[in-house]
């Protein structure tokens with residue numbers, strides 16, 4: 001009969017290292033526990049995570065799932081793994097925030113061709129940092145070593161979030177009216193969308209050294225591309241009762257996201273030049289010779305979240321949020337988003 005050690009050695013020879021997985025779990029346990037509040041009833045390692053839910057009248061659970069996309073390639077080429085976890089959590093929080101929901105708990109999935117415990121620990125540090133900043137518990141996750149599916153240092157990262165909002169406080173966009181004001185909250189850069197195009201524009205895969213170039217700007221290209229995704233929950237939380245609709249500007253830009261929260265028969269006019277466009281977008285457009293229409297469809301162009309509110313509330317919210325008034329709601333048969 002073969003010993004357990006022999007069996008483990010055989011599995012390791014196939015490309016899966018159980019010892020590395022165990023080492024990774026030991027490294028991340030303390031970090032994950034730091035996000036727990038009294039609502040979390042289980043420690044790490046059980047087959048299911050328990051969360052005691054209370055405190056809401058007529059609660060509606062809001063869930064979402066997403067990934068970081070090919071921004072992960074930039075992290076691999078830079079050898080920097082402590083920010084992509086932040087990206088993932090903040091993207092998911094922003095998505096459920098559009099319904100008015102506060103985050104409750106988060107779960108992650110990390111898959112790699114080869115598990116490197118220290119690398120996994122850095123990713124989880126980012127996850128935990130973002131969760132703690134928004135009062136969200138990193139309640140569980142899965143780490144999978146999958147040789148043959150992922151090559152070299154490649155890995156994938158996905159997240160799953162559950163939040164809550166009182167049924168009477170749901171933000172659905174149903175109360176949006178003609179002439180309501182659209183506020184734009186500034187992004188920190190690309191956030192988690194448009195990286196396939198950005199990588200192509202700079203030929204990053206064939207020339208990774210380009211990530212160290214600054215192109216005459218204050219930071220290197222790599223630093224600008226790895227700038228973490230902004231979480232808008234803390235700053236928008238005090239204003240949720242005044243907000244009629246929110247659209248997280250991710251893949252598809254304004255035209256792909258704003259119509260999702262507008263009632264039938266209404267569209268929007270967005271005024272170009274009414275907000276500051278981060279330098280990274282101008283650099284991408286110049287190097288790639290990309291027209292304005294495509295830039296605004298692929299990238300957020302410096303607006304990470306749009307907020308629709310009544311004209312009477314717009315000035316106070318603009319000042320408090322550090323936002324820009326970027327447009328207004330208009331009548332439209334096809335929910336068109338027009339630029340002026």
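Structure summary
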quantity: Selection count where residues are surrounded by fewer than 13 Cβ atoms within 10 Å (Cβ to Cβ) and at pLDDT 85 or above, scope the stretch 54-64; calculated: 1
quantity: Some residue of the stretch 108-123 being touching a residue at least 60 places away in the same chain (Cβ under 8 Å) and closer than 30 Å to residue 165 by Cβ; calculated: no
quantity: Every residue from the stretch 308-340 that is at pLDDT 95 or above, in a loop (DSSP other than H, G, I, E, B) and either within 27 Å of residue 190 (Cβ to Cβ) or not assigned by TED's automatic domain parsing to the domain that holds residue 256 (or both); calculated: 322, 323
quantity: Residues of the stretch 293-307 satisfying the condition of being assigned to a helix (DSSP H, G or I) and touching a strand residue (DSSP E or B) at 6+ places or on another chain (Cβ under 9 Å); calculated: 293, 296
quantity: Strands (runs of 3 or more DSSP E) (entirely within the stretch 86-194) containing at least 1 residues that are closer than 30 Å to residue 281 by Cβ; calculated: 102-112, 155-166, 181-186
quantity: Filter pass, residue 280 being closer than 24 Å to residue 90 by Cα and touching a helix residue (DSSP H, G or I) at 6+ places or on another chain (Cβ under 6 Å); calculated: yes
quantity: Residue count, the stretch 195-222 (criterion: in a loop (DSSP other than H, G, I, E, B) and more than 29 Å from residue 321 (Cβ to Cβ)); calculated: 11
quantity: The one condition in (1) closer than 22 Å to residue 234 by Cα; (2) in contact (Cβ under 8 Å) with a residue 40 or more places away in the chain; (3) in a helix (DSSP H, G or I) that residue 250 fails to fulfil; calculated: (3)
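The values are calculated or read from the model by the stated rules, or taken from the named source; none is laboratory data. This structure is a prediction, so every number in the text was calculated from the model and none was measured. Virtual Cβ from ideal backbone geometry, glycine too; neighbours counted across all protein chains shown.
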